[in-house]
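Heads up, the thing below is written out as structure tokens.
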Amino acid sequence: MQKIEKEITIKAPREKVFGYVDEPSNLPEFWPSMFEVKNVKTLPDGGHKFGWLYNLAGRRVQGTTETYEHVPYERIVDRAKGDVESTFTWTFLGENGTTKVSFEAEYETPEKFFPSGERKFILSRNEFEADTLLANLKAKLEV
């Protein structure tokens with residue numbers, strides 16, 4: 001299991017940042033390789049279940065994501081299943097009109113798409129992707 005942890009501070013209120021990230025249809029706007037989110041359903045606890053299509057280093061992968069933990073304005077934990085198995089944890093800490101966003105991704109590199117010799121490349125690519133999605137989120141939401 002690979003793990004990536006990143007964080008960024010955004011000059012925007014926590015409610016605004018959380019609300020934007022919490023809406024799955026917004027993901028393709030700031031997550032570089034996420035090119036489609038579909039069939040979004042809101043779960044009773046406020047989280048979501050949805051399908052997605054993603055470009056993983058030039059290979060089209062797909063699956064579904066479901067929220068397993070949803071604490072409004074504080075934390076979202078989503079688990080993805082399909083071509084790629086992963087868990088994404090978002091944490092939001094607000095102070096003085098800014099929000100510190102922490103993003104953690106735990107995932108298995110799918111053997112059927114990438115031989116073991118390409119794992120270093122996939123890890124590097126995913127590190128870049130995490131940095132870029134947070135930078136895009138900041139650019140989109142800063143006031």
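Applying the criteria of a DSSP loop state and at most 16 other Cβ atoms within 10 Å to the trypsin sites (Lys or Arg not before Pro) of the range 31-127 yields K112.
For Rg and Dmax of the Cα atoms in Å, the value calculated from this model appears in [x] 16.2, 62; [y] 14.8, 47; [z] 18.3, 53 under label [y].
From helices alone, the chain scores -7500 deg cm²/dmol at 222 nm; the rule is -39500 (n - 2.57) for each run of n ≥ 4 DSSP H residues, then divide by the residue total.
Give me the lysines in straight-line cross-link reach of K49: C-alpha distance below 19 Å, same-chain residues under 8 apart excluded. Answer for K49, where 19 Å is the Cα cut-off: K38, K41, K81, listed by chain and number.
Treating only the Cβ of Lys, Arg, Asp and Glu as charged (+1, +1, -1, -1), what charge dipole size does the range 32-104 show about its Cα centre? Round to the nearest 20 debye. Let's see the in-between values first.
On the way: 9 positive and 10 negative charges, 61 e Å.
Computed charge dipole of the range 32-104: roughly 300 debye.
Between G63, G82, G97, the Gaussian network model of the chain with springs among Cα atoms under 10 angstrom shows the greatest mean-square fluctuation at G97.
Grab the beta carbon distance between K140 and V71, set R0 = 22 Å, and tell me the FRET efficiency rounded to 0.05. The pair K140/V71 has a calculated efficiency of 0.45. Among the GluC sites (Glu not before Pro) within the range 41-143, those in coil by DSSP and having at most 15 neighbouring Cβ atoms inside 10 Å are E74, E85, E108, E111, E142. Grouping the Cα pair distances of the range 37-91 into 10 Å bins from zero gives a pair-distance distribution of 25, 51, 22, 3 percent in increasing distance order. What you get for the chain, charging only the Cβ of Lys and Arg (+1) and of Asp and Glu (-1), is a dipole of about 300 debye around the Cα centre.
Bear in mind these aren't lab numbers, they're just calculated from the coordinates by the rules spelled out. The model shown is predicted, which means the values in this text are computed figures rather than measured ones. Here Cβ is always computed from backbone atoms with ideal geometry, including for glycine, and neighbour counts include all displayed protein chains.
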